[in-house]
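What follows is calculated from the coordinates using simple rules that are stated; it is not laboratory data. Quick caveat: nothing in here was measured; it's all calculated off a predicted structure. Note: ideal-geometry Cβ built from the backbone for every residue, glycine included; neighbour counts use all protein chains shown.
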């Protein structure tokens, strides 16, 4: 992946997250995830007039071992902190409006860094979130000493 536009966050040879920056552009359909992930993340860019024929997705039985979630930052700036399974701080990345992140494994936390006031919109940071679900277990929270 091009580090300027798409990036994997890894620890001990495992992918914790995939970040796709707002400036990523490549023609066609580009998948960032392997088939075995419970969520698929792709970028699609087609010229005007391109037709995608109506289709169905086949039923696929998957075993979900980790809840994966995707965030689209619509407005504002967010810092994402990454943690190991042992709850040790690893690194931080800053996401801006238009960026997308797929959180795959490990721990994570968020800090809103900047509100962007535009016209009549309130100044809060806005995100859209998709999660493997339904979530039927408690979320394990921890406070880092970092």
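Quick one: grab the alpha carbon gyration tensor of segment 38-116, order the square roots of its eigenvalues as a ≥ b ≥ c, and give me rounded if a/c is under 1.5, else prolate or oblate depending on whether a/b is larger than b/c. The partial results should precede the final answer.
Numbers: a/c = 3.61, a/b = 1.35, b/c = 2.68.
Cα axes put segment 38-116 in the oblate bin.
How do 53-60, 19-26, 95-102, 71-78 rank on mean C-beta neighbours within 10 Å, highest first? Let's see the in-between values first.
Numbers: 53-60: 5.1, 19-26: 16.0, 95-102: 19.8, 71-78: 18.1.
Ranked from most to least packed, the peptides come out as 95-102, 71-78, 19-26, 53-60.
Grab the Cα-Cα distance for residue 48 and residue 30, subtract it from 0.36 nm times how many residues apart they are, and report the gain in nm with one decimal.
4.7 nm
Among rounded, prolate and oblate, which fits segment 1-75 when a ≥ b ≥ c are the square roots of the eigenvalues of its C-alpha gyration tensor, a/c under 1.5 means rounded, and a/b larger than b/c means prolate? Spell out each step's value before the answer.
Working: a/c = 2.10, a/b = 1.14, b/c = 1.84.
Note, shape of segment 1-75 comes out oblate.
Separation between the residue 93 and residue 113 pseudo-spin-labels, each 7 Å from Cα along Cα→Cβ, expressed in nm?
1.3 nm
Suppose each label sits 7 Å from its Cα in the direction of the beta carbon; what would the residue 79-residue 60 distance come out to in nanometres?
My value for the distance between the label points is 3.7 nm.
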